[in-house]
Amino acid sequence: MHKHQIQVRVRYSETDQMGVVYHGNYIPYFEIGRVEWLRNKGVSYKIMEESGVALPIVSMTLNYKKPARYDELLTVTTAFKSQTTVKVEFDCEIHNEKNELLTTAHFILVFVDLLTGKPIQPPHYIKDILV
């Protein structure tokens, strides 16, 4: 399983009045993880889109275990799970500085042709890193 980790610090604007990360703000943390997973494998999401390929989420499941709080340094772990003809799946986790598991997630994304909006097979340079 291909894994990548990146750290993000919780900003004040991402929290509610109690200093707890608002539930919707976990999704961008996971997006950072996926984009950096690709970058770590030599793939720029920006260049992929410029070449006419997008990778939208078609399904996601998030499980909140413990809250993340203002100014905590979080570790986002992104793990490639599987790939089919047009889909790719990732399992993700967020841990705090005490290494407590805060949130888990599962994402299914589909490669899409930006001109037609239809699912396509991943470009060869993506297939090569998913092996």
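Some points to look at:
- About the Cα centre, charge dipole magnitude for region 1-117 (Lys/Arg +1, Asp/Glu -1 at Cβ), debye: 220 debye
- Summarising the label geometry, the points placed 7 Å from Cα in the beta-carbon direction at Glu49 and Gln5 lie 2.9 nm from one another.
- In order along region 33-46, the phi-based Karplus estimate (6.51 cos²θ - 1.76 cosθ + 1.60, θ = phi - 60°) of 3J(HN,Hα) comes to x, 5, 4, 6, 4, 4, 4, 4, 8, x, 10, 8, 4, 4 Hz; Gly and Pro are listed as x.
- Using a simple spin-label model with pseudo-atoms 7 Å out from Cα toward Cβ, Thr104 and Ile27 lie 2.2 nm apart.
- Convex hull volume of the Cα atoms of the chain, normalised per residue: 108 Å³.
- For Val58, the residues whose modelled amide H falls within less than 5 Å of its own, excluding neighbours fewer than 5 places apart on the same chain, are Ile108, Leu109, Val110.
- Placing a label point 7 Å from the Cα of Met60 along the Cα-to-Cβ direction, the residues of region 98-125 whose backbone N falls under 15 Å of that point are 103-110.
- Bridging of Lys46 to lysines at a Cα separation below 29 Å is possible for Lys3, Lys81, Lys87, Lys118, Lys127, once same-chain residues fewer than 8 apart are set aside.
- With the helix formula -39500 (n - 2.57) applied to DSSP H stretches of n ≥ 4, the chain reaches a computed 222 nm mean residue ellipticity of -6000 deg cm²/dmol.
- Here Lys41 and Tyr70 are evaluated by their C-beta separation; at R0 = 30 Å the FRET efficiency comes out at 0.40.
- Tyr70 exposes around 120 Å² of accessible area when a 1.4 Å probe is run over every protein chain in place.
The values are calculated or read from the model by the stated rules, or taken from the named source; none is laboratory data. Please read all numbers here as calculations on a predicted model, not as lab measurements. Positions of Cβ are backbone-derived with ideal geometry, glycine not excepted, and every protein chain shown enters the neighbour counts. Keep in mind that these areas ignore ligands, DNA and RNA; they rest on the heavy atoms of the full protein, side chains included. Shrake-Rupley method; radii C 1.70, N 1.55, O 1.52, S 1.80 Å.
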